[in-house]
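Each reported figure results from applying straightforward, stated rules to the coordinates on display, with no laboratory input. Treat the numbers as computed from the prediction; the structure is a model and nothing was measured.
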Amino acid sequence: MSAPITQDVLTIPRKLPEGGRMNIVGLTRDQLRAALIEAGTPEKQAKMRVGQVWQWIYHWGVRDFALMTNLAKDYRALLADKFEIALPEVVTRQVSADGTRKYLLRIAGGHEVEAVYIPEEGRGTLCVSSQVGCTLTCSFCHTGTQKLVRNLTPGEIVGQLMVARDDLGEWPKQGAPKDETRLVSNIVLMGMGEPLYNFDGVRDAMNVVMDNEGLSLSRRRITLSTSGVVPEIARTAEEIGCLLAVSFHATTDEVRNKLVPINKRWNIATLLDALREYPRLSNSERITFEYVMLDGVNDSDEDARRLVKLIRGIPAKINLIPFNEWPGAPYQRSSWDRIEAFADIIYKAGYASPIRTPRGEDIMAACGQLKSATERGRKSRAQISAEAAG
Ligand code: SAH
Ligand code: SF4
């Protein structure tokens, strides 16, 4: 594995652009306040204006300053002159036979990322991307074959939720009775990219999403999935406080080095130490261990028993993910009998061990299948197999 593990990627500056208009979406309250003052809002009024604009955008879903009727007309004109309320552009929207919706979104620079909406009984989960591509090269992951292009801005992350709410017609109607049913009730940071290598962007975006006067999703309805960026795990607890999932996938360092190469930097023991602290630091309950079932690679009874031993003492749920195939993938999905036998050992040891039903496979929207077709610099099949073997 030679790909560098760095955070040395481009982020878009948040200053008021010369001439152009600044996008409000994704600014934290403090940043919005500073931007409104810079644009000429008197300091004394700034806090109130932030609250008003915030509600229009994130509670009501309004995109046009002219419709912000509790603001003076000339102030609306000033805002329209200096700011915009811009979302990623929807390039395509595919709807799976099972109702899953996959959005291909175009962002600044012409890059493309995907977001996936998964409707379930009584809830709906939006799977959000945090980067274009990924610096990591997990050998079973389609996104990992695409080089990292850049981190998403907070606005591009929040924008994925807003696009989904637009498509689902989920903004509240003014005057209508308050409807508590939410179509997008949960967010998982499990799309393209490693969220903890875009820590600040993800943190700011989630703080916008969690804000009570806006999108208002509770931190317990947000799950961040990491491949194991150990130094950022405690910060995630402290600065975001969401639920944590970890891409565990193997029970020995030897196998995990191959599947999740970041393991060479932070091995299983180091990762588990960080995870042990997480529930206390974040005041949350269980950690989700994600475990992709790869035929003959990590799916033996012995693996299941080792897994249970390793995580002893950590409040956990183990989410077994049947491997989702993609063109050129060097692995195969374990058989259903094998997955069930594995689940059974874990269950008998006292852990919930749900098997994740693949959703949206017909539109390549399932876990690990996301990848923007337009990005260049992808690896060849030969390269993928060589890395998986070595
Ligand atoms: N980078 C983060 C989040 C994105 S991946 C992470 O690695 O955790 C989201 C989940 O999908 C991870 O658990 C990942 O291991 C899993 N995944 C990736 N490729 C997959 C595939 N082909 N089949 C099934 N799950 C996969
Ligand atoms: Fe990146 Fe996660 Fe895929 Fe690994 S599994 S390559 S960390 S997106």
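3J(HN,Hα) couplings calculated from phi for the range 93-100 with the Karplus curve 6.51 cos²θ - 1.76 cosθ + 1.60 (θ = phi - 60°) are, in sequence order, 10, 10, 10, 7, 4, 8, x, 4 Hz; Gly and Pro show x.
Fully extending the segment from GLU340 to ARG21 would add 109.4 nm, taking 0.36 nm per residue of separation and subtracting the current Cα-Cα distance.
Percent of Cα-Cα pairs more than 15 Å apart in the range 26-84, please.
In whole percent, the long-distance tail amounts to 43.
Backbone amide hydrogens, once placed in the peptide plane, bring ASN319 within less than 5 Å of PHE289, GLU290, TYR291, excluding anything fewer than 5 places away on its chain.
Rounded to the nearest 500, the 222 nm mean residue ellipticity of the chain from helices alone is -9000 deg cm²/dmol, with -39,500 (n - 2.57) taken per DSSP H run of at least 4 residues. Distance from the alpha carbon centroid of the range 24-98 to that of the range 224-302 works out to 37 angstrom.
If you wrap the tightest convex hull around every Cα atom of the chain and split its volume per residue, you get 142 Å³.
Measuring nothing but alpha carbons in the range 264-343 and taking Rh as the Kirkwood radius, the Rg to Rh ratio lands at 1.02.
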